[in-house]
1. Of the conditions (1) in contact (Cβ under 8 Å) with a residue 12 or more places away in the chain; (2) among the polar types (S, T, N, Q); (3) farther than 19 Å from Phe249 by Cα, Asn52 satisfies every one except a single condition; which number is it?
2. Only one of these is within 30 Å of Thr183 (Cα to Cα), in contact with a Lys or Arg (Cβ under 6 Å, 6 or more places away or on another chain), acidic (Asp, Glu) and in contact (Cβ under 8 Å) with a residue 40 or more places away in the chain: Glu63, Glu112. Name it.
3. With (1) at pLDDT 95 or above; (2) of a type outside the set (Val, Ile, Thr); (3) open to solvent by less than 20 Å² (accessible area, probe 1.4 Å) as the list, and Trp192 as the residue in question, which single condition is left unmet?
4. Within the range 1-59, restricting attention to residues that are in a loop (DSSP other than H, G, I, E, B) and touching a Gly at 6+ places or on another chain (Cβ under 7 Å), which residue is modelled with the lowest pLDDT?
5. Within the range 254-282, track down each residue that is without any contact (Cβ under 8 Å) to a residue 60 or more places away in the chain and part of a helix (DSSP H, G or I).
6. State all residues of the range 90-104 that are of a type in the set (Ser, Thr, Tyr) and modelled with pLDDT of 95 or more; if no residue qualifies, say none.
7. Tally up the residues in the range 125-155 that are in a helix (DSSP H, G or I), under 14 Å from Leu233 (Cα atoms) and open to solvent by less than 50 Å² (accessible area, probe 1.4 Å), please.
8. Answer yes or no as to whether Lys238 is under 20 Å from the mean Cα position of the chain (by Cα), assigned to a helix (DSSP H, G or I) and not hydroxyl-bearing (Ser, Thr, Tyr).
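The values are calculated or read from the model by the stated rules, or taken from the named source; none is laboratory data. Worth saying up front: this structure is predicted, and the values here are computed from it rather than measured. Positions of Cβ are backbone-derived with ideal geometry, glycine not excepted, and every protein chain shown enters the neighbour counts. All accessible areas refer to the heavy atoms of the entire protein, side chains included, with ligands and DNA or RNA removed. Shrake-Rupley method; radii C 1.70, N 1.55, O 1.52, S 1.80 Å.
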Amino acid sequence: YVSGQNYDGLKKLNFSNGFKDPTLMREKIFFDLCQDAGVPAPRANFASIYFNGELWGFYTVVEQIDDQFLDWRILDDDGNLFKAGDNFQGNSGAANLVYYGDSQTAYEDRYELKTNETENDWTDLIEFIDFINNASNSEFESELENYIELQEYLRSAAINNLFSNLDTYTLSARNYYVYHNQTTNKWEWIKWDGNETFGTYGGQAVPDMTTLPINFVGNNRPLLENLINSQALYDQYKSELCYLLENYFNASYMNPKIDAIKDLIQPSVYADLNKMYSDANF
């Protein structure tokens, strides 16, 4: 590692070993669909990793959400980028966008500031969370689009529902980024960590992921709860679901992509003797 060095414009790559994913392609399919549908998400590809000349394994390669990503995808990298904290203690430390007062310290265990760390000013995030929780119903409905790229977020939430992707804000309150775009002065929602898409998380909450209600949301998730409770916003959300079903989340779009990825990676998957699943599982 060399500080300041980049590779094809990237400073960091993440290698995902396919935890809970015997297909080793769920993240790739998920992130590609997000990008095709205009929802901010990292790019993903595949690699066989060698360590001192020995094949170590087959991985999904996912780009880092950082200033490089903001440069090419958001076209603005001056704002605050926050990552939902990796909390595993329910709501006691969850990045649930619940308002806990105006003190920054009340949020520092729940989110991680990834840019502008020297300034370390969380005022904008706290103001956004304050609005989500304390605006009147009419204010939330009419003014939410002043705070967040609304259609983009509604489509992002709809994608999570269609993929039964619950290890995110919808249920676990993890695995997402929010970025305060200084050009538009709006927040943008960025996808992260798609290995538990296709319904591999949250079985206790939803025994059958294939019948996940379109208005499913975990407890104490005010952004989604308030959105669903607003008829106007909920109607827009349902329109995004319909748009995705008609254009992306269907067999004619997804099956050829799944087949093409299978053909691309199958020899490398079979060559990986360290994988967590069998060739038959794949």
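1. So the condition that Asn52 fails would be (1).
2. On the way: Glu112 fails: in contact (Cβ under 8 Å) with a residue 40 or more places away in the chain.
On inspection, the qualifying residue turns out to be Glu63.
3. (3)
4. First pass over the range 1-59, keeping only residues in a loop (DSSP other than H, G, I, E, B): 1-6, 8-9, 11-12, 17-25, 37-43, 52-53.
Okay, now just the ones that are also touching a Gly at 6+ places or on another chain (Cβ under 7 Å), so 17, 24.
Values: Asn17: 92, Leu24: 95.
Checking each candidate, the answer is Asn17.
5. Asn255, Pro256, Asp259, Ala260, Asp263, Gln266, Pro267, Tyr270
6. Here is the first cut: in the range 90-104, the ones of a type in the set (Ser, Thr, Tyr) are 92, 99-100, 103.
Correct list: Tyr99, Tyr100, Ser103.
7. Of the residues in the range 125-155, 8 are in a helix (DSSP H, G or I), under 14 Å from Leu233 (Cα atoms) and open to solvent by less than 50 Å² (accessible area, probe 1.4 Å).
8. Numbers: under 20 Å from the mean Cα position of the chain (by Cα): yes; assigned to a helix (DSSP H, G or I): yes; not hydroxyl-bearing (Ser, Thr, Tyr): yes.
Yes; evaluated as a whole, the condition is true for this residue.
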